[in-house]
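Comments concern the structure below.
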Amino acid sequence: MKILQVITSMEMGGAEKLVVEFTKRLRQRDHQVDVCVMNAKDTPLLAELEKTGCHIYRFSNGGNVYNPLHIVRLWKIMRHYDIVHTHNTSPQFFAALAAKVLCSVVLVTTEHNTSNRRRDWKWYPRALDRWMYRQYDKVVCISDQAETNLRQSIGNDNCRNVCTVYNGVDVESIHDALPLNDMHPDGKTVVVMVAGFRYQKDQDTLIRSVKQLPADSYELWLVGDGERRQLLEQIADGATNIRFLGLRTDVPRLLKTADVVVMSSHFEGLSLSNIEGMSAEKPFVASDVDGLREVTKGYGLLFAHGDSEALADIIRRLHDDKSFYNEVAKRCYERARQFDISLTIEKYIKVYETVVTSEHAS
């Protein structure tokens, strides 16, 4: 199959990681897989994508991902592929519009979240979303909750083409990664969160929780970057035990080095950082919100959304109770193994084969 993936950028995030893994693994199976990146600003994940050997269509470097000229650019590219697989809002809309002119291409999209900004806008015409999703041969949600919320948003009548395929990661490569021993501060418990600094994430609560703990016993590593960095640095207020590590290419090693992995968020689809943290066989602690609850409950630990005191209590208990720490870590690793990327790839191949067969039959 000839597959084109379309994404807004290659900043740090679950969609971007999935694009890299899809491209690498499907090309290893002799499929032609290329990627269109609307904002092709250099990032570690873009460098990883380049290593796959795929062709990368770069529309801009730091430009507006909603530039309407991208519709024409996409139309010129899409017609050379059997399947166009989109991720994120602007690719979803623009590919749908381009496909109205180019009717022979099969469209697949992945719905990466349980919510988005559009659903909160009272002025936004829901009919536009309903039209967009109907243009797709298959809409793949990354969790049961993501599918439930999508159906509530656009109505079941517009969801006949919707299914769920759980995201996945390369569990064993993370589990077997070597820790960065020279980076771990002696005598401290290190808490790490890997996520872009954007409105969906809630590093704010994690920072406030760590500030409630003794600085000589706990350290926080925030891995990522983005539009909210300056605000988060203000919340940290110069705390010497809170480190902003920026974008990293050695995330598996950082996860193996840290003691506790946290994902504090307002909502998720199915967080790859969630599964990555569990893959490292470290206790995983998450906000009790859609997309995190689904994977974490019964395995890792949940705290009430935005409750910094509850989160601080959990981190403190993991520090104080080694038996509890080891029990949670073991459960998390067992849970992660249910979300290996190989299972995700197999299910997507079946989706591709089904929609291509249906297109040829019609």
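With contacts taken as Cα pairs under 8 Å at a separation of at least 6 residues, region 226-323 carries a relative contact order of 20 percent. Solvent exposure of the chain, expressed per residue, is 42 Å² of accessible area, with all protein chains present and a 1.4 angstrom probe. Using the Cα gyration tensor of region 156-275, with a ≥ b ≥ c the square roots of its eigenvalues, what is the shape: rounded (a/c below 1.5), prolate (a/b larger than b/c) or oblate (neither)? Verdict is oblate for region 156-275.
Proximity of backbone amide H atoms, modeled 1.01 Å from N, is registered between Gly269 and Thr114 at under 5 Å, excluding neighbours fewer than 5 places apart on the same chain.
Taking the Kirkwood radius as Rh and the Cα radius of gyration as Rg, region 2-90 has a ratio of Rg/Rh equal to 0.93. For region 150-161, putting each phi into the Karplus relation 6.51 cos²θ - 1.76 cosθ + 1.60 with θ = phi - 60° gives couplings of 5, 4, 5, 6, 10, x, 4, 4, 9, 10, 5, 9 Hz, in residue order, rounded to whole numbers and with x for Gly and Pro. Rounded to whole numbers, the Karplus 3J(HN,Hα) couplings from phi for region 132-141 are 4, 5, 5, 6, 8, 5, 8, 10, 9, 8 Hz, using 6.51 cos²θ - 1.76 cosθ + 1.60 with θ = phi - 60°, and x at Gly and Pro. Near Leu301, the amide H atoms lying under 5 Å from its own belong to Phe284, Val285, Ala286; only residues 5 or more places off or on other chains count, and H is placed 1.01 Å from N.
Evaluating 6.51 cos²θ - 1.76 cosθ + 1.60 at θ = phi - 60° for every residue in region 322-331, the Karplus couplings come out as 5, 5, 4, 4, 5, 5, 5, 4, 5, 4 Hz, glycine and proline recorded as x.
Beyond a 30 Å Cα-Cα separation, which of these cross-linked pairs lie in this structure: Lys100/Lys201; Lys51/Lys100; Lys330/Lys350; Lys138/Lys201; Lys138/Lys330? Among Lys100/Lys201; Lys51/Lys100; Lys330/Lys350; Lys138/Lys201; Lys138/Lys330, the Cα-Cα distance tops 30 Å for Lys100/Lys201; Lys51/Lys100; Lys330/Lys350; Lys138/Lys330. Packing order of peptides 75-86, 322-333, highest average first: 75-86, 322-333 (average count of other Cβ atoms within 10 Å over each peptide's residues). Between the amide H of Tyr57 and those of Val35, Cys36, Val37, distances stay under 5 Å, these residues lying 5 or more places away or on another chain, with hydrogens modeled in the peptide plane. The simple spin-label model puts a point 7 Å past each Cα toward its Cβ; for Tyr66 and Arg126 those points are separated by 2.1 nm. Shown here: Cα extents along the principal axes in Å, derived from the displayed model; of the candidates (1) 64, 45, 38; (2) 72, 61, 42; (3) 77, 48, 36, it corresponds to (1).
Accessible area ranking (1.4 Å probe, heavy atoms, ligands and nucleic acids excluded), largest first, for His55, His31, His87: His55, His31, His87. All C-alpha pair distances within region 71-140, sorted into 5 Å bins from zero, spread as 3, 17, 29, 25, 14, 9, 3, 0 percent across the bins.
Rounded is the label for region 1-151. Its Cα gyration tensor axes, ordered a ≥ b ≥ c, give a/c under 1.5. Within the accessible surface of the chain, defined with a 1.4 Å probe on protein heavy atoms only, the carbon and sulfur portion equals 47 percent.
The values are calculated or read from the model by the stated rules, or taken from the named source; none is laboratory data. The structure presented is a predicted model; accordingly, all values stated were derived computationally and were not measured. Quick reminder, even Gly has a Cβ in these numbers, built from the backbone with ideal geometry, and neighbours come from all protein chains shown. For the accessible areas, the whole protein counts, side chains as well, though only heavy atoms, and no ligand, DNA or RNA atoms are used. Shrake-Rupley method; radii C 1.70, N 1.55, O 1.52, S 1.80 Å.
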